[in-house]
1. If you check G18, G57, G51, which single one turns out to be modelled with pLDDT under 80 and open to solvent by less than 70 Å² (accessible area, probe 1.4 Å)?
2. Consider A105 against the criteria (1) under 30 Å from the mean Cα position of the chain (by Cα); (2) of a type outside the set (S, T, Y); (3) modelled with pLDDT of 95 or more: it satisfies all of them except one. Which criterion is unmet?
3. Here's a check for you: in segment 88-115, which residue that is open to solvent by 100 Å² or more (accessible area, probe 1.4 Å) and assigned to a helix (DSSP H, G or I) is farthest from L78 (Cα to Cα)?
Amino acid sequence: MYYKFSGFTQKLTGSAPGASFSPQGLKPGLPTESPTMIFATPTKVVSEGVGTVEYLGANKVPDLQRIFQSSDGLPVHLKRGVPDKLLYRTTMALTVGGVVYCLVALYIAAQPNKK
């Protein structure tokens with residue numbers, strides 16, 4: 001016996017062998033057509049003449065490699081001088097301040113209410 005899901009009763013019903021192997025959402029008799037294009041022209045026009053991309057800035061990679069690979073005993077996140085030290089110390093101060101704030105809030109929350 002072959003079964004097919006009935007969309008009307010929302011139950012499995014008996015059916016013929018051909019109908020049970022043909023899903024309801026697919027219709028084998030209809031020709032497949034490509035969907036219509038929403039945009040007829042591409043949004044970006046690619047020029048075939050230019051194969052390389054021109055970069056107008058200077059290449060800073062060799063300079064940065066020389067700075068970061070020097071063995072002067074400093075960690076990588078402090079190698080670029082004063083701005084890195086300022087960011088590092090600000091981050092550490094905010095972290096310590098946040099931990100102290102959390103501990104104070106936890107202490108206050110642990111105290112019983114005075115009425």
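The values are calculated or read from the model by the stated rules, or taken from the named source; none is laboratory data. All values reported here derive from a predicted model rather than from experimental measurement. The accessibility values were calculated without ligands, DNA or RNA, using every heavy atom of the protein model including side chains. Shrake-Rupley method; radii C 1.70, N 1.55, O 1.52, S 1.80 Å.
1. Numbers: G57 fails: modelled with pLDDT under 80; G51 fails: open to solvent by less than 70 Å² (accessible area, probe 1.4 Å).
Answer to the check: G18.
2. (1)
3. Ranking the qualifying residues of segment 88-115, first place goes to I108.
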